Amino acid sequence: MLEFSHLSVAYDHVVALEDISGIINNGAIVSIIGSNGAGKTTLLNTISGLVKKKAGSITLDGTPLSQKPHKVVRNGIVQIPEGRHVFANLSVTENLIMGGSRLHVSKSNKRMEEMYKLFPVLDERRNQMAGTLSGGEQQMLAIARGLMAEPEILLLDEPSLGLAPRIVHQVFSIVKQINEMGITILLVEQNASQAMAISDYTYVLENGKIVHEGKSVDLRNNEEIKKAYLGR
């Protein structure tokens, strides 16, 4: 279980998160929705140790989580950043090797073959430079690269951003499949409808504060949520 409690973050004098609390239970998909600038990415970056908290705590199974990114990864938490950020001048295989750099070579190679089974399109592009892949293929590579580190918790930041509707559906199907493999997922997503359709629980962030939370199926039927985030 990953928990953040009374968490506050500020950039200089600008408050990004203000006294928020939440729980991501083992095996769940939890979505974070909200408008641009609500603090969604800041939350992920704070959990990952990329941004320092001003107040509050983050714990994993009741133990304080390190604020050093490499130690967060060692604790089984991996973030897939917004915008994919693949290594454009490296091949698909080389990107995956980078993702599994902390594994023994034999284990990394085995994990890589598992990724090629999960993402057949990457198998077809093994030797292709990552920068020449389509947006959807790069997103799949970014996810596969993160999975190479064998995470227990995956932090996904806007995986559908900039993708065609057909590819968006495919990406969310993959996210669900990854969860069924036993990986807990914290999903930040502007496509609220899709995020809530596959998640168990949802937090709604506005101006750095949690303004709604609950089971996703319940929030999808909330009239205020429908009007503000689901366009109906």
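Being in a loop (DSSP other than H, G, I, E, B) and within 29 Å of Leu230 (Cβ to Cβ) is the filter here; which residues of the range 2-50 pass it?
Residues of the range 2-50 in a loop (DSSP other than H, G, I, E, B): 12-13, 25-28, 34-39, 49-50.
Across the range 2-50, the qualifying residues are Asn25, Asn26, Gly27, Ala28, Gly34, Ser35, Asn36, Gly37, Ala38, Gly39.
Taking the range 66-92 as the search range and keeping residues that are in a loop (DSSP other than H, G, I, E, B) and among the basic types (Lys, Arg), which one is modelled with the lowest pLDDT? Reasoning before the result, please.
From the range 66-92, those in a loop (DSSP other than H, G, I, E, B) are 66-68, 75-76, 81-90; that's our starting set.
Now narrow it down to the ones that are among the basic types (Lys, Arg): 68, 84.
Values: Lys68: 95, Arg84: 80.
For the range 66-92, the residue satisfying everything is Arg84.
In the range 196-215, is there at least one residue being surrounded by fewer than 21 Cβ atoms within 10 Å (Cβ to Cβ), assigned to a helix (DSSP H, G or I) and modelled with pLDDT of 90 or more?
Within the range 196-215, one or more residues are surrounded by fewer than 21 Cβ atoms within 10 Å (Cβ to Cβ), assigned to a helix (DSSP H, G or I) and modelled with pLDDT of 90 or more.
What single numbered condition from (1) more than 14 Å from Lys40 (Cβ to Cβ); (2) at pLDDT 95 or above; (3) not polar (S, T, N, Q) fails to hold for His169?
(2) is the only condition that His169 fails.
Looking for something surrounded by fewer than 18 Cβ atoms within 10 Å (Cβ to Cβ), at pLDDT 95 or above, touching a strand residue (DSSP E or B) at 6+ places or on another chain (Cβ under 7 Å) and within 30 Å of Gly135 (Cα to Cα) - is there at least one such residue anywhere in the range 30-37?
Within the range 30-37, not a single residue is surrounded by fewer than 18 Cβ atoms within 10 Å (Cβ to Cβ), at pLDDT 95 or above, touching a strand residue (DSSP E or B) at 6+ places or on another chain (Cβ under 7 Å) and within 30 Å of Gly135 (Cα to Cα).
The values are calculated or read from the model by the stated rules, or taken from the named source; none is laboratory data. Note that the structure is a prediction, hence the values are computed from the model and not measured. Positions of Cβ are backbone-derived with ideal geometry, glycine not excepted, and every protein chain shown enters the neighbour counts.
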